[in-house]
1. Within segment 205-232, count every residue that is aromatic (Phe, Trp, Tyr) and within 14 Å of PHE287 (Cα to Cα).
2. How about segment 102-127: which of its residues are assigned to a strand (DSSP E or B) and surrounded by fewer than 19 Cβ atoms within 10 Å (Cβ to Cβ)?
3. Being buried (at least 17 other Cβ atoms within 10 Å of the Cβ) and at positive phi is the filter; apply it to segment 199-246 and report the residue that is farthest from the chain's Cα centre (by Cα).
4. For segment 70-88, which positions are at pLDDT 80 or above and not in a loop (DSSP other than H, G, I, E, B)?
Amino acid sequence: MIPRYLYLYTNYGGFQQWRKIDRFNYIIQKLRNGNKGIPVDINDDEKNDLLVKPSLKPLLLRGNHISLAYEAKLTITRLPISSNLDDRFFETKLYFFPPKFFSNKLFTIGYRSPEGEQIPESCTVTHTFITQLISKKQGTHTTLHYSCTNPSTRVILLSGESSGDSENNSGWTAVEAGHISLGGNIHMEVNGSFEVEGQEITLRGTFDLTTPHNTVDIWWNTTKGFFKINGTGYFEASDVYFNADNKIEVEMSSLILDADGHLLVDNSGAEGDLSIDGAFEVEDLSFDVDIHQETVTFAGDFDLSSTGEADDLS
């Protein structure tokens, strides 16, 4: 299902291009290339360097509840002739409108390869809108995934709501407040902000997983002063920063969690609660909860790999 508005943006070493992909041209290119993708020249040498394959379609997901989803996927594959590309800054984004049932805003999916890093041989970015049709609590949440052929390559995920400005960093929109799921690759660098029901959410950090099938899940509730981070498997995170509308602010320089472990901050009770389970290391942890003009702050270091001790608490 191709949306009514589809543009591809590329920036290779400062050489920027916009390419319109309309329905007719998209179908013709698929027929010509055997559904391999649209050839794109990113350095203006009249030779195609990449194959770009967008895929946008509705899905019906079956689990504990029936969910209607809309999957936006962008696959970028380097052609053999592109071997002359050097390690310049490279960025690509696909701009599109999802069906109005999911959102009426302009979105992007893509990735950024910083200067000095090799452009991946193949990279797929997926942004999925998931709506619970039959649930006690109906709503929509967003999952972000990407996978690359060479996992050691440093790639920054860009996905979400767009202002239309190519210089704008990634901005994500999750319609339902409370949950972001990150996965699809063993190394992820996240740097973006998004809006949730009028609240500004900012997330930065580097996340390393053991397999691309695992996820890192972040949950929050600004009304209750609740924050939780956990994973479906062992993961390491560094330089993590999370801010929910300036009501919940969490920072840590290092976090290592085992499968089924978690770090939880809950200020919904009379005294508030901090729970750390299955953690090997938590360094430079600080959080600031400010709801109903009542502020709770905490800072401390945890090295749980051997001693199980907490230091420098305040």
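1. Just the residues of segment 205-232 that are aromatic (Phe, Trp, Tyr), to begin with: 207, 219-220, 226-227.
Among the residues that remain, those that are also within 14 Å of PHE287 (Cα to Cα) are: 220, 226-227.
Qualifying residue count for the region: 3.
2. Going residue by residue through segment 102-127, those that are assigned to a strand (DSSP E or B) are 107-113, 122-127.
Once the filter is applied, which keeps residues that are assigned to a strand (DSSP E or B) and surrounded by fewer than 19 Cβ atoms within 10 Å (Cβ to Cβ), segment 102-127 yields only SER122.
3. GLY225
4. Hits for segment 70-88 are TYR70, GLU71, ALA72, LYS73, LEU74, THR75, ILE76, THR77, ARG78, PRO80.
The values are calculated or read from the model by the stated rules, or taken from the named source; none is laboratory data. None of the values given here were measured: they were computed from a predicted structure. No Cβ is skipped: glycine too gets one built from the backbone with ideal geometry, and neighbour counts run over all protein chains shown.
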